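Read the structure below first, then the notes.
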Amino acid sequence: MDPDNSTSPEKENGWSARSRATRQKLISATSRLIVEKGINSVSVVAVAKAAGVTRPGAYYHFKTREALLDAVRSETDHQLVRTVAGSKDDKYLYSQAAEFAAEDQDAIYLRIQRMLEQGPDDVIIRSRVRGIKRVERENLLRSGVDPEIAAMITGASLISSFLAVSEFKQNSRRHKQAKIFGRTNYALLYDGALLPDKLSSWPTLPRYSAAGKTQNVAPTTQAPEEQDGRKAKSLATRELLMKAVVRLMAEVGEQAVSVSEVARRAGVTRPGAYYHFKKREDLIAAVEEKLDKELIYTLDRTFAQRESFDDVTDLSEEDLSLLRIRIQQMLRDGASKDPLIAHYRKLFRWHQKHGHMRDGLDPDMTAIITASATLVGLFLTLSSTNSVEERAVLAKRFRKTYKTFVFEGIFNSTAKAEWPPPPELD
């Protein structure tokens with residue numbers, strides 16, 4: 001045997017490992033560049049510089065920017081689909097996405113954007129649907145749970161896991177949060193968060209308030225009939241303006257919103273528009289607050305009796321765009337500042353104080369997961385059709401499965417007995 005050939009596999013494997021490491025550096029640098037400067041900033045030369053790799057080395061792996069972008073998508077999909085599928089031998093079974101986010105927040109953030117673009121056709125959601133339908137065939141799903149809706153709700157864990165760890169700088173703290181996420185996710189999947197037998201005795205829950213804002217109403221000496229007429233007209237004008245904001249955001253984006261442009265589109269005079277909203281930030285905040293108020297009905301004191309999402313049931317195409325914008329706001333603000341998560345946090349802390357929550361559940365993490373499931377799950381569910389009538393039906397299906405998720409979990413006791421326990425905290 002030729003002695004030179006006997007060492008070639010080791011050399012070959014060494015070069016292969018080095019080549020894989022370089023390729024991974026380039027992919028990671030591409031993700032960072034997209035997050036920091038946008039997708040238009042990506043080029044093989046720019047990525048090579050960011051990764052500290054020579055130009056020839058970068059071009060050896062990726063001939064074009066399109067090849068780079070495809071590699072980023074493929075790499076993230078491969079890891080996340082495997083993560084979503086899970087395994088009984090995986091110690092990160094319930095916290096996989098959070099562990100992934102703790103290590104590579106940029107990749108998760110980019111993947112979230114693609115999920116929002118693709119909706120229910122996203123490969124992660126499709127994989128989740130197949131997995132839950134398989135569980136249903138094995139009789140491991142709770143009675144009344146719609147497998148496709150359950151896939152949308154649990155698919156939202158990609159976003160809730162990002163929110164769970166994104167505000168922490170230390171790697172050790174992020175991984176600790178990932179474990180808390182895993183334990184909370186486990187409890188929600190198998191048992192739910194709240195105790196149904198406490199429903200009948202619930203006192204009045206804390207009311208929703210947008211960042212503690214209060215409205216001061218000036219005293220008036222007008223007759224009641226005149227006041228009622230003016231109030232109705234004022235509310236109608238305000239509603240016109242808010243609908244125009246939604247259309248503008250859907251067509252052009254949030255950056256295009258101004259009081260003048262919204263007034264023009266709504267057919268309202270500029271003074272009339274400025275009477276209701278002094279600046280663009282007030283317009284955007286009012287639209288987002290309205291949506292939040294509709295969404296929090298999912299956990300109010302009449303939760304068990306509600307059959308739909310009220311106004312959210314009849315979401316139009318523009319409103320779906322608003323839902324997507326609202327998700328982007330949640331990602332931008334983070335878990336500590338987002339008003340919807342803040343309200344859910346307030347609710348679950350209240351429930352814990354009054355003994356309504358299951359033992360061992362972290363109320364703050366429960367708030368992140370359930371608020372994300374409400375917003376993202378509803379968006380993914382309703383974006384599968386353009387028909388308002390079909391959306392109304394889907395919203396009711398979503399409502400039923402979401403209620404089961406909060407109070408009972410997605411999977412039954414047989415599944416809980418067969419699958420491993422949650423991760424232990426250090």
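Filtering E167, E136 for residues that are under 16 Å from the mean Cα position of the chain (by Cα), in the same structural domain as V376 (by TED's automatic domain parsing) and surrounded by fewer than 24 Cβ atoms within 10 Å (Cβ to Cβ) leaves a single hit, E167.
Only residues that are surrounded by 12 or more Cβ atoms within 10 Å (Cβ to Cβ) and not in a helix (DSSP H, G or I) were counted in the stretch 384-416, giving 7. Among the conditions (1) within 20 Å of L163 (Cβ to Cβ); (2) basic (K, R); (3) crowded, with 19+ Cβ neighbours inside 10 Å, the only one that K337 does not satisfy is (3). The condition of being among the polar types (S, T, N, Q), touching a strand residue (DSSP E or B) at 6+ places or on another chain (Cβ under 8 Å) and either crowded, with 22+ Cβ neighbours inside 10 Å or assigned to a loop (DSSP other than H, G, I, E, B) (or both) holds for only one of T381, T366, that being T366. Among the helices (runs of 4 or more DSSP H) confined to the stretch 1-107, the ones with at least 3 residues that are at pLDDT 70 or above and not assigned by TED's automatic domain parsing to the domain that holds T154 are located at 3-37, 44-51, 55-61, 65-85.
From the list R358, R345, exactly one residue is in contact (Cβ under 8 Å) with a residue 60 or more places away in the chain and among the basic types (K, R). Which is it?
R358
I'd like to check something: does the stretch 385-395 contain any residue that is touching a helix residue (DSSP H, G or I) at 6+ places or on another chain (Cβ under 7 Å) and either of a type in the set (S, T, Y) or not assigned by TED's automatic domain parsing to the domain that holds I180 (or both)? Yes, there is a match, as at least one residue in the stretch 385-395 is touching a helix residue (DSSP H, G or I) at 6+ places or on another chain (Cβ under 7 Å) and either of a type in the set (S, T, Y) or not assigned by TED's automatic domain parsing to the domain that holds I180 (or both).
A Cβ distance below 8 Å, combined with a sequence gap of six or more or placement on separate chains, defines the contacts here; from the stretch 264-292, residues that are under 23 Å from A371 (Cβ atoms) and part of a helix (DSSP H, G or I) reach residues that are of a type in the set (S, T, Y) and at pLDDT below 85 in the pairs D292/Y208.
Given (1) modelled with pLDDT of 85 or more; (2) hydrophobic (A, V, I, L, M, F, W, C); (3) surrounded by fewer than 21 Cβ atoms within 10 Å (Cβ to Cβ), where does W419 come up short, assuming only one miss? Every condition holds for W419 apart from (1).
Given the condition part of a loop (DSSP other than H, G, I, E, B), modelled with pLDDT under 85, of a type in the set (V, I, T) and more than 22 Å from A178 (Cα to Cα), answer yes or no: does some residue in the stretch 311-331 qualify? No: zero hits.
Being aliphatic (A, V, I, L, M) and either crowded, with 20+ Cβ neighbours inside 10 Å or modelled with pLDDT of 85 or more (or both) holds for only one residue in A250, A273, and it is A273.
Restrict the check to the stretch 175-190 and report whether at least one residue is farther than 22 Å from P339 by Cα and assigned to a loop (DSSP other than H, G, I, E, B). The answer is no; no qualifying residue exists.
Those residues that are closer than 12 Å to T184 by Cβ and among the hydrophobic types (A, V, I, L, M, F, W, C), I need them from the stretch 340-361; list them, please. Hits for the stretch 340-361 are F348, M357, L361. Restricting A367, A395 to residues that are of a type in the set (A, V, I, L, M) and under 23 Å from A187 (Cβ atoms) narrows the list to A367. Close contacts from the stretch 108-122, counting a first residue that is farther than 18 Å from L394 by Cα and a second that is modelled with pLDDT of 85 or more and of a type in the set (F, W, Y), with Cβ to Cβ under 6 Å and a gap of 6+ residues or different chains, come to I108/F162.
The values are calculated or read from the model by the stated rules, or taken from the named source; none is laboratory data. If you're wondering where the values come from, they're calculated on a predicted model, not measured in any experiment. Every residue, glycine among them, receives a Cβ derived from its backbone with ideal geometry; neighbour counts consider all protein chains shown.
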